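Trainee: To start, I am sharing the structure in question, which I have written as structure tokens.
The values are calculated or read from the model by the stated rules, or taken from the named source; none is laboratory data. Being a predicted model, the structure only gives us computed values, none of them experimental. Quick reminder, even Gly has a Cβ in these numbers, built from the backbone with ideal geometry, and neighbours come from all protein chains shown.
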Amino acid sequence: MTALSADQMAPQPDRKPLKSRGASFDPIFGFICGAAATLLLVTLSGLMVSLVIGGWPAFAKFGLSFFTSTRWNPVTEVFGGAGPIIGTLITAFVSLLLSLPIAIGVAVFLTEFCPQQLRRPIGVAVELLAGVPSIVYGMWGLFVFAPLFAQLVETPLSVWTPPTFLGKGFADFWSNTVIGDLVPNGSGILAASIILAVMILPFMAATLRELFLTVPTKVRESAYGVGCTPLEVVTSVTIPYVRRSAIGAVMLGLGRALGETMAVTFIIGNSHGLPKGLFSGGSTIASTIANEFAEATGEMHTAALIALGFVLFLITFAVLAIARALLGAQRQA
Amino acid sequence: MIALLGIAFIALIAVIIAAGLISTFGGSLGLRKVANIGFVVFCVGGAVLALSALAAILASLLANGFGGINLAVFTQDTPAPGSTGGLRNAILGSIAMCLEGMVIAIFVGIAAGTWLAEYADRNNYTKTYGSIVRFVNDVLLSAPSILVGLFIYTVLVAKGIPVLSVVSLGHFSGIAGGVALSLLAVPVVTRTTEDVLRLQSRQLRESGVALGAPLWVTIRAILWKAAQGGMITGVLLAFARISGETAPLLFTALNNQFNGLNFKIEDAFGLNAPTANIPVVIFNFALSAYDDWRRLAWVGSLLIAAAVLGINILVRVLSAEQKRS
């Protein structure tokens, strides 16, 4: 605060006028607010710079092979990040593939078919579930989902061989790309993707529902008026109307799936190297960092993990930037 | 059950593809009606599938966690395997670090949001700068939280990294954990503050000018007061968000078997040391081989989920009341 002038020190009347008392504080207040806004900018650049500095030793030593090699060996200090990087992309993509159709279904259900009295409660429930911390999803995945998945899906699949009339090509595809080195313990790339899908589903459903609600009623009703079925209204009016923002919302969901740590770490199996199939164990960038960072001893190990973090930063930054550009003026949370 | 869900999922996808084909290439009224019925079934099925999966999660949380809640959970510290104990140190540590994060976030977030809403539109330069800051805030809002943890680790915890070692505390600490959490809370507060301030009418701003008040008094005494409800909502949402975050605490606050918190300000309230917190305790205990540790992990998950859902419901009740008044 600035020093008080003589007339301000004098006894004040009961009703204090909002006069130009403290007008000299105005620029200081503006400066404080501006500084806080700048702090956000500094934080993001600091985040990027610190990841580059921290990961530099690994980038400098391994060069391009950090992105192409799958050898991750803390003992001999040879680090190649291709396994976690590919694992991150696969789990995020598969989880999006699983949750997007359901999310659209839920959003359409809530805006078109749901009885009026149930719309608000179900909508609120979906929004509330979008806020449940990811470690809760991780606990459920580890203790409830994984045993069931192992018993009901993995065990039968591990003894099943494709019938011969499908040909050798399918048999090879099946054993190399789908089954991989399946161990029926409930963990793996697909299990992690399913948990991720369950986790991002409420978020995407809630965002898509908000978007669908922005379609003017008149436009939708006129489509019904010319004899469209609800399916045709959704595919030819609602979705085209919000297309841009909807893609943005999906990208936001993808961003979440890419960077999600706890729900994945519990169940992905945490084996390095390229995943051999959907049922093989694998790792993502986030799960590798979560598992190894606190116990990393060698400097190169720490640097390699931070370098992986930088790669994750670049991927998510690109996805989020596209999402924001597409969402544009809508600015959905 | 899962196999059934999987088959149902594949069937739903097949139905939607068939329905999409029919609706794209046209068809008789009968076909269109059939396609539409398939679509309705898909949407309702999707909603049922989603809600039942989510109900299953909450139910298993209650089934596994509720039985473990007793007085010892709140009065004893995390135990060694085989002995009895509770989560007292973790609960206190989580509360302390969330409060630290929220104090930082409230100051920075409200100031930054105010700048974006009230100062950014002054001229073309500030407008450009404002849109950059807004974009950066949006990126921070959805940045992976584990990267925030890495960032705070390199700045406040690590020793060996050049340039950054100037500010580093050099060890794991609750302070670093709180700062990491604040980075996740600031964007939420900034965003809601800007949004609610922009909703305030021009007349309200002019009323301050008409009274001859300086801009900062207008903002503080009139605009903040009018936008109070929305700003509190933002703060509560930010609190709900950080209270369940695990990843940023894994290598900033780490963990602690004991409760080091105190009320001595010269000791930084005991936060200048590794600090226990519920999410990291859940992470460590869930992956352990001891039944009593796993039981405590379930209890911790239930407590966190209840806290987050409780805050979110409170926010809804508060904003519903505002709309009414």
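Trainee: Evaluate segment A:208-231: report whether one residue or more is closer than 20 Å to B:Ala297 by Cβ and of a type outside the set (S, T, N, Q).
Mentor: Taking segment A:208-231 first, the residues closer than 20 Å to B:Ala297 by Cβ are none.
Checking segment A:208-231: not a single residue is closer than 20 Å to B:Ala297 by Cβ and of a type outside the set (S, T, N, Q).
Trainee: If B:Ala55 passes every condition in (1) within 27 Å of the chain's Cα centre (by Cα); (2) facing another protein chain (nearest Cβ under 7 Å) but one, which one does it miss?
Mentor: (2)
Trainee: Further question on the same structure: If only one of B:Asn123, B:Asn89, B:Asn137 is under 19 Å from B:Phe269 (Cα atoms) and polar (S, T, N, Q), which one is it?
Mentor: On the way: B:Asn123 fails: under 19 Å from B:Phe269 (Cα atoms); B:Asn137 fails: under 19 Å from B:Phe269 (Cα atoms).
Testing whether each residue is under 19 Å from B:Phe269 (Cα atoms) and polar (S, T, N, Q) leaves just B:Asn89.
Trainee: Still on this structure, I have one more. Does segment B:302-311 contain at least one residue that is within 14 Å of another protein chain (Cβ to nearest Cβ), surrounded by 17 or more Cβ atoms within 10 Å (Cβ to Cβ) and within 30 Å of B:Glu206 (Cβ to Cβ)?
Mentor: no
Trainee: Select, from A:Ala304, A:Ala325, A:Ala286, A:Ala318, the only residue that is over 18 Å from the mean Cα position of the chain (by Cα) and either assigned to a helix (DSSP H, G or I) or closer than 21 Å to A:Pro133 by Cβ (or both).
Mentor: Working: A:Ala325 fails: over 18 Å from the mean Cα position of the chain (by Cα); A:Ala286 fails: over 18 Å from the mean Cα position of the chain (by Cα); A:Ala318 fails: over 18 Å from the mean Cα position of the chain (by Cα).
On inspection, the qualifying residue turns out to be A:Ala304.
Trainee: Let me ask something else about it. So which residues in segment A:272-295 are surrounded by fewer than 18 Cβ atoms within 10 Å (Cβ to Cβ) and small (Gly, Ala, Ser)?
Mentor: A:Ala294
Trainee: Could you please let me know if B:Asn89 is touching a Leu at 6+ places or on another chain (Cβ under 9 Å), over 20 Å from B:Ser243 (Cβ atoms), touching a residue at least 40 places away in the same chain (Cβ under 8 Å) and part of a helix (DSSP H, G or I)? Don't jump to the end; show me each part of the working.
Mentor: Values: touching a Leu at 6+ places or on another chain (Cβ under 9 Å): yes; over 20 Å from B:Ser243 (Cβ atoms): no; touching a residue at least 40 places away in the same chain (Cβ under 8 Å): yes; part of a helix (DSSP H, G or I): yes.
No; evaluated as a whole, the condition is false for this residue.
Trainee: Could you pull out the residue among A:Ile90, A:Ile104, A:Ile85 that is in contact with a Phe, Trp or Tyr (Cβ under 8 Å, 6 or more places away or on another chain) and at pLDDT 90 or above?
Mentor: Being in contact with a Phe, Trp or Tyr (Cβ under 8 Å, 6 or more places away or on another chain) and at pLDDT 90 or above holds for just one of A:Ile90, A:Ile104, A:Ile85, which is A:Ile85.
Condition check ((1) assigned to a helix (DSSP H, G or I); (2) modelled with pLDDT of 80 or more; (3) closer than 27 Å to A:Pro101 by Cβ) across all residues:
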position	(1), (2), (3)
B:Ile7	yes, no, yes
B:Gly20	yes, no, yes
B:Gly30	yes, no, yes
B:Ala55	yes, yes, yes
B:Leu62	yes, yes, no
